[in-house]
1. Examine segment 197-217 for a residue that is surrounded by fewer than 13 Cβ atoms within 10 Å (Cβ to Cβ), within 14 Å of residue 31 (Cα to Cα), at pLDDT below 90 and touching a helix residue (DSSP H, G or I) at 6+ places or on another chain (Cβ under 8 Å), and state whether such a residue exists.
2. Report yes if some residue within segment 55-63 is closer than 30 Å to residue 204 by Cα and either in contact (Cβ under 8 Å) with a residue 12 or more places away in the chain or in a helix (DSSP H, G or I) (or both); otherwise report no.
3. So which of 22, 51 ends up being over 15 Å from the mean Cα position of the chain (by Cα), surrounded by 14 or more Cβ atoms within 10 Å (Cβ to Cβ), assigned to a helix (DSSP H, G or I) and modelled with pLDDT of 90 or more?
4. Scan 33, 77 and give me the residue that is buried (at least 21 other Cβ atoms within 10 Å of the Cβ), under 14 Å from the mean Cα position of the chain (by Cα) and within 19 Å of residue 187 (Cα to Cα).
5. Are there any pairs with C-beta distances below 7 angstrom linking a residue in segment 30-53 that is under 21 Å from residue 75 (Cβ atoms) to a residue that is modelled with pLDDT of 90 or more and assigned to a loop (DSSP other than H, G, I, E, B), with the two at least 6 apart or on different chains, and if so which?
6. Is at least one residue of segment 40-48 farther than 30 Å from residue 142 by Cβ, in a helix (DSSP H, G or I), modelled with pLDDT under 90 and within 18 Å of the chain's Cα centre (by Cα)?
7. Can you tell me which residue among 252, 248, 188, 208 is in contact (Cβ under 8 Å) with a residue 40 or more places away in the chain, under 30 Å from residue 275 (Cβ atoms) and part of a helix (DSSP H, G or I)?
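The values are calculated or read from the model by the stated rules, or taken from the named source; none is laboratory data. Everything numeric in this text was worked out from a predicted model, so none of it was measured. When we count neighbours, we look across all protein chains shown, and the Cβ atoms used for this are built from the backbone with ideal geometry, even at glycine.
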């Protein structure tokens with residue numbers, strides 16, 4: 001049985017979510033390692049793989065809109081650093097939920113960057129997310145106000161990175177956009193490592209390698225998903241990563257939550273997914289009108 005392109009897109013996004021969830025597991029297993037080191041080795045693996053692809057396609061690695069490319073790289077690095085820090089300090093499922101608010105910030109930033117309109121319905125979805133976030137922080141003593149603020153900041157930075165990608169998609173090759181992330185990460189994380197460095201153990205070297213492989217695998221399948229189906233059709237599927245993270249956290253780290261915290265996570269997911277669906281319908285209607 002041969003699946004249709006949209007169905008294959010959904011399968012690829014599910015695989016991407018599994019890879020990204022596994023990446024968070026290996027990040028948590030590296031809990032004793034400075035975040036700057038984790039980012040450095042993650043970025044080196046990404047740079048090598050991106051450069052191999054750029055060399056094979058004979059592309060210029062520098063791109064055209066260097067300012068926007070650097071912004072994408074810096075925003076992505078800040079989101080990654082804060083996300084990795086959270087994974088080392090709070091349960092896997094909670095960290096993943098708090099760092100998956102980026103569509104909310106992407107929508108709000110779209111008002112400023114590309115003059116998108118936000119409807120009252122979308123504002124209602126934002127309120128649902130906010131209530132969910134407050135419940136996660138308020139009913140789980142392991143999650144402090146600092147953790148909450150770092151999670152929101154990570155989501156904002158990721159939203160800024162995604163908004164930059166939307167602008168760059170018209171002029172830059174995807175591999176060039178992806179390359180600027182390690183180009184920014186490597187020198188900045190190397191500088192931070194001068195002040196806080198711990199030589200990885202044999203096990204940690206293995207976790208670092210697996211982290212880089214799973215991260216790149218997630219990027220690959222996410223890119224394939226977007227090539228096979230419309231973003232509005234597969235973006236929702238990416239939030240299965242939160243479910244996978246909760247399951248992996250329970251199985252591997254014996255992490256559990258109370259009912260109110262689970263309710264807060266459900267509200268966050270519901271608000272984000274409804275916003276993504278709403279944007280998808282708006283895009284379909286615009287395409288029909290045009």
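1. Checking segment 197-217: at least one residue is surrounded by fewer than 13 Cβ atoms within 10 Å (Cβ to Cβ), within 14 Å of residue 31 (Cα to Cα), at pLDDT below 90 and touching a helix residue (DSSP H, G or I) at 6+ places or on another chain (Cβ under 8 Å).
2. From segment 55-63, those closer than 30 Å to residue 204 by Cα are none; that's our starting set.
The answer is no, given that none of the residues of segment 55-63 is closer than 30 Å to residue 204 by Cα and either in contact (Cβ under 8 Å) with a residue 12 or more places away in the chain or in a helix (DSSP H, G or I) (or both).
3. On the way: 22 fails: over 15 Å from the mean Cα position of the chain (by Cα).
Only one candidate passes the filter, namely 51.
4. Numbers: 33 fails: under 14 Å from the mean Cα position of the chain (by Cα).
Of the residues listed, the single one that is buried (at least 21 other Cβ atoms within 10 Å of the Cβ), under 14 Å from the mean Cα position of the chain (by Cα) and within 19 Å of residue 187 (Cα to Cα) is 77.
5. Pairs that qualify, where the first residue is under 21 Å from residue 75 (Cβ atoms) and the partner is modelled with pLDDT of 90 or more and assigned to a loop (DSSP other than H, G, I, E, B), are 38/30.
6. Taking segment 40-48 as the starting set, the residues that turn out to be farther than 30 Å from residue 142 by Cβ are 44-48.
Then drop every residue that is not in a helix (DSSP H, G or I), which leaves 44-48.
Subsequent filtering for residues that are modelled with pLDDT under 90 retains 45-46.
Restricting the remaining residues to those that are within 18 Å of the chain's Cα centre (by Cα) gives 45-46.
Checked segment 40-48: at least one residue is farther than 30 Å from residue 142 by Cβ, in a helix (DSSP H, G or I), modelled with pLDDT under 90 and within 18 Å of the chain's Cα centre (by Cα).
7. Working: 252 fails: under 30 Å from residue 275 (Cβ atoms); 188 fails: under 30 Å from residue 275 (Cβ atoms); 208 fails: under 30 Å from residue 275 (Cβ atoms).
Unique residue meeting the criteria: 248.
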